[in-house]
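Pasting in a structure now, in structure tokens, and then I'll have a few things to ask.
The values are calculated or read from the model by the stated rules, or taken from the named source; none is laboratory data. Everything numeric here is computed off the predicted structure, so don't read it as measured data. Quick reminder, even Gly has a Cβ in these numbers, built from the backbone with ideal geometry, and neighbours come from all protein chains shown. These accessible areas exclude ligands, DNA and RNA; they are computed on the full protein's heavy atoms, side chains included. Shrake-Rupley method; radii C 1.70, N 1.55, O 1.52, S 1.80 Å.
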Amino acid sequence: SQQGEEDPQALSIQEGENATMNCSYKTSINNLQWYRQNSGRGLVHLILIRSNEREKHSGRLRVTLDTSKKSSSLLITASRAADTASYFCATDRGGGADGLTFGKGTHLIIQP
Amino acid sequence: GAGVSQSPSNKVTEKGKDVELRCDPISGHTALYWYRQSLGQGLEFLIYFQGNSAPDKSGLPSDRFSAERTGGSVSTLTIQRTQQEDSAVYLCASSFGSYNQPQHFGDGTRLSIL
């Protein structure tokens, strides 16, 4: 079952603008991860934030985590056409045996 | 290779046939995962291996599904007596351990049941 819910489901912005995607989840987690998927390809790991962390940066990516609200956000700054993809949040309850629980994703389109 | 490799990349088969999907994880990755991605259900976790052992098989959709991993490396996912609802993209991922580790995904096998 889907634990995470991304918001919005689709987002279209102009190149150079910032893109923000949100994710909510329902149970306690060990970490939350964001992945990108280009059409017809597998998922590419972007960033992992642990439950005791509040913010993490990687290049043009900024992820926040609020465990009290069970929510996370992914900010992509200075977007590029190559950022066009679907973005998924995934929660990990720890230990591996449960795998990752993915949301339905946000489809991001960057207009050149 | 450097990444997770899955074969075949596409498989079309008739309802009722058996299919076998293969996953070659990144060398040295002890944890291996199978997921299924479909339009209706999104991304679903199927099964996890730590080494050659799968501690919990309850994520497999039915008893027609089975998976094994040998030598701590290659894994196969077998679907017997395929049904149309099995049509999906089957994704494999591996990680260096299972605790607080990112997963590395292959490009998947797109399975179509006629």
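Roll a 1.4 angstrom probe over the protein heavy atoms and tell me the percent of accessible area of the stretch B:27-74 that is carbon or sulfur.
In the stretch B:27-74, the share of accessible area belonging to carbon and sulfur is 47 percent.
What is the distance in Å between the Cα centres of the stretch A:5-82 and the stretch B:44-114?
First find each Cα centre; the distance between them is then 25 Å.
At a probe of 1.4 Å, how much accessible area disappears from chains B and A on forming the pair, both sides counted, to the nearest 100 Å²?
Between B and A, the summed buried area is about 1800 Å².
So between residue A:26 and residue A:82, what do we pick up on full extension, going 0.36 nm a residue minus the alpha carbon distance?
Once the chain is fully extended between residue A:26 and residue A:82, it gains 17.0 nm.
In nm, give the distance between the simple-model label positions of residue A:69 and residue A:39, each being 7 Å from the Cα along the Cα-to-Cβ direction.
3.4 nm
Could you sort A:75-86, A:97-108 so that the peptide with the highest average Cβ count within 10 Å comes first and the rest follow in order?
Taking the mean over residues of other Cβ atoms within 10 Å, the ranking is A:97-108, A:75-86.
What distance in nm lies between label points placed 7 Å from Cα along the C-beta direction at residue A:18 and residue B:14?
5.8 nm
Per residue of B:70-83, how many C-beta atoms from partner chains lie within 10 Å of its own C-beta, taken as a mean?
If you average over the peptide's residues, the count of other-chain Cβ atoms is 0.
Rounded, prolate or oblate for the stretch B:71-114? Axes are the square roots of the Cα gyration tensor eigenvalues, ordered a ≥ b ≥ c, and the cut-off for rounded is a/c under 1.5.
In terms of gyration-tensor shape, prolate.
Hey, what does the equivalent ellipsoid look like for the protein assembly as shown, semi-axes from the Cα gyration tensor as sqrt of 5 times each eigenvalue, largest first, whole Å?
29, 20, 16
Please report Rg (one decimal) and Dmax (integer) in Å for the Cα set of chain B.
13.3, 40
May I pose another question? Using a 1.4 angstrom probe, figure out how much accessible area the protein assembly as shown has per residue, in square angstrom, rounded to the nearest whole.
Here the per-residue accessible area is 47 Å².
Could you work out how much longer the chain between residue B:114 and residue B:5 gets when fully extended? Use 0.36 nm per residue separation minus the Cα distance between them, nm to one decimal.
Fully extending the segment from residue B:114 to residue B:5 adds 36.7 nm.
Bin all alpha-carbon pair distances of the stretch A:20-112 at 10 Å intervals from 0 and give each bin's fraction as a whole percent.
Here the calculated profile for the stretch A:20-112 is 16, 52, 27, 5, 0.
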